[in-house]
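See below for the structure under consideration.
The values are calculated or read from the model by the stated rules, or taken from the named source; none is laboratory data. Owing to the predicted nature of the structure, the values given are computational and were not obtained by experimental measurement. Cβ placement follows ideal geometry from the backbone for every residue including glycine, while neighbour counts extend to all protein chains displayed. SASA here: full protein model, heavy atoms, side chains in, ligands and nucleic acids out. Shrake-Rupley method; radii C 1.70, N 1.55, O 1.52, S 1.80 Å.
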Amino acid sequence: MKYKLISSAILSIFLSACGGSGGSSTAVNTDTENTNDDTSSYQGVPYDYSRYVDALDNANLQQTDLSDCTNNDVNNSCSKSDVVDAGDYVDYDSDYFYIDKDSGWLTFEMEGDSNRTELRFTENFLTNLTDTKYTLTADILPISPAESVTNSSDGEEITLLQVHNKGENGEADDTVLSHPLLRIVWDGENRTDDITGDAYNNAYWAIVKTNAYECKDESNPNYNASCPDSYDFYYLADYDASAPTNFEVVVGNETLLINVDDENKANINISYWSNLYSYFKAGVYNQYTDGNSTVQFKTLTYNESEYADDDTTSLPMNALDANLAPSENFDLSTWNLSVPIDSGEGENYAKATNISVEDLNDGYELENYFWTNTTDGGMVFRDYIGGARTSEGTSYSRTEFREMLRGEDTSIKTQGVNQNNWVFSNAPEAQQDNAGGVDGNMVATLAVNHVTSTGSSSHQGRVIIGQIHAASDEPVRLYYRLLDGHTKGAIYFAHEPSNGNSEEWYEMIGSRDNDASEPSDGIELDEKFSFEIDVVGTILTVNIMRDDKDTITQEVDMSNSGYDGYYEKDGVETEDYMYFKAGVYNQNNSGDETDYVQATFYYLSKTH
């Protein structure tokens, strides 16, 4: 079976469950283009895939030796060691560490209780630094974990991610605790959330140590004989066999943040851990008997970055480096970019320039239109009223991403139901098979920095920041609008049916009216907020998230909107398809040509 990753994967990796050698790193980014797209050349070697190279250059592979176990029993004590040093992965794979042929994802396996196959970064970091944070993000899919633990006589737990410790001196000495600060696990057994009191099974959990005591080794200077209840259990999410779950762990400023599928699940003061060096780990570590675990990582990203002066947000944020181009801070492997510079290709009009996926990911920046903010590392989009347009029929200019699931494979056409675009899950089955994805979710964190203040009152202050575009229509266009004289702006969106029904408008914060009063709960310029656009079948959901405020949600039933897989083109029923857009789409063409809109993105993620 020929395979191709159609959404991104950046990789970096880390840590150990009860020991290891080190733990932090600077930002590690890799591309997402397979070097082995042809099955005939497939070998399953992770280092052959360029998206994993940077990670493997910075991580040791730690693995249990199943041939060296007490009484030849893999559920007894087995020897463990670093089997591959960072940077030495050329031609290396094994039965326990390889690229899965069908998914194209990095795969870890291990058999037996307390055994592991894990990648561990080779530096250590302190968790109390006020100016530095350490972030691990991963999309993880355990394969049939309930079957793995069916025969277990003791436990049903698989550890996927960890924050472990390297003692008070960052080296192997008697101050190293035998316990991690955090384990993120899948557990088949019934557990109770220590915060809510609710019980779940077949779910993901965060197990967080609540003190810095040693509870096992009496020779450790931090040993506590009574060792009080040392762990809190946080329910994170139900197991979903159909898709990876996204986990983000952020450590710094004496705080542990855990986000799951872009929703904050834990924000914990870990000042008690401040004297211990820490490190990350990712892979498989079994806490059950008589079974074999298989876990796939679609993405795995590690970053070290500085806190901004106001960086206390719980919103999803990329770890950003102000010295890097946007493509080095964000996964842009399945986006192209339209910039409002005349390409000279238009007939009787100024046609915008399209920046290909390949060029965009080659460190592309364009002064005054698309660049990295040199203060906070955000990705800045700016568009002037007088800019070139993408087509003769388009009224407004834009600096905006267009989703390109094909990546750099230009043999796939831009338009049509193919591997470059996606469809809703109510589309015909044949379309779902041919498309690059089914249903979609996009999450962004941004701040709008500037809006237009000239021209018609009906045009002033409007900018579209996110869309789902169909072949002809737009299931959703998300607007920010700040009226002249106001300090707080509105958020609303349009839903354009495909069957000719009237366009529908949904106001989420404030009003879209030209003479609306200022919304008391509106969003100011330079204020960070997040949006989520999600489609499952005929249900469209838009969420607006802000710090210290409730999430605002609007759901639209599209059953009567005509999005059934087809639309009418020149009187002919034609297959319909979808793609995301993000950036700034200026909604003013009547003001001064030098007036502009601008937004800075701090996080951008999409899945299908």
Quote the FRET efficiency, to the nearest 0.05, computed for Ser79 versus Asp547 with a Förster distance R0 of 56 Å and r equal to the Cβ-Cβ distance. 0.70
Express in nm, to one decimal, how much length is gained between Ser356 and Ser590 on full extension, taking 0.36 nm for each residue of separation and deducting their alpha carbon distance. 81.3 nm
Residue-level accessible surface for Asp238, protein heavy atoms, 1.4 Å, Å²: 90 Å²
How large is ³J(HN,Hα), in whole Hz, for each residue of segment 500-510 in order, when computed from phi with the Karplus curve 6.51 cos²θ - 1.76 cosθ + 1.60 and θ = phi - 60°, using x for Gly and Pro? x, 5, 4, 4, 10, 10, 10, 9, 9, 10, x
Farthest toward positive dipole pole in the chain [+1 Lys/Arg, -1 Asp/Glu at C-beta], among Ala516, Met578, Thr210: Ala516
Please list His164, His459, His608 from largest to smallest accessible area, probe radius 1.4 Å, with all protein chains kept in place. His608, His459, His164
Take the solvent-accessible surface of the protein heavy atoms, probe 1.4 Å, and return the percent of it on the chain that carbon and sulfur atoms account for. 38 percent
By how many nm would the segment from Asp198 to Asn514 grow when fully extended, if each residue of separation counts as 0.36 nm and the alpha-carbon distance is taken off? 109.1 nm
Among Val339, Gly363, Gln415, which residue has its Cα furthest toward the positive end of the charge dipole of segment 318-422, with +1 on Lys/Arg Cβ and -1 on Asp/Glu Cβ? Gln415
Phi angles of segment 595-602, converted by Karplus (6.51 cos²θ - 1.76 cosθ + 1.60, θ = phi - 60°) into ³J(HN,Hα) in whole Hz with x for Gly and Pro, give 6, 8, 10, 8, 9, 10, 9, 10
For a quick protection proxy, order the peptides 129-135, 568-574, 274-280, 466-472 by their average other-Cβ count within 10 Å, most packed first. 274-280, 466-472, 129-135, 568-574
Compute the length gained on full extension between Asp229 and Thr374: take 0.36 nm times their separation in residues and subtract their Cα-Cα distance, giving the result in nm to one decimal. 47.6 nm
Based on the mean of other Cβ atoms within 10 Å per residue, sort peptides 331-341, 422-432 so the most packed one is first. 331-341, 422-432
Enter the accessible area per residue of segment 128-245 (Å², integer; probe 1.4 Å; all protein chains in place). 42 Å²
Mind ranking Asp68, Asp193 by accessible surface for me, highest first, 1.4 Å probe? Asp68, Asp193
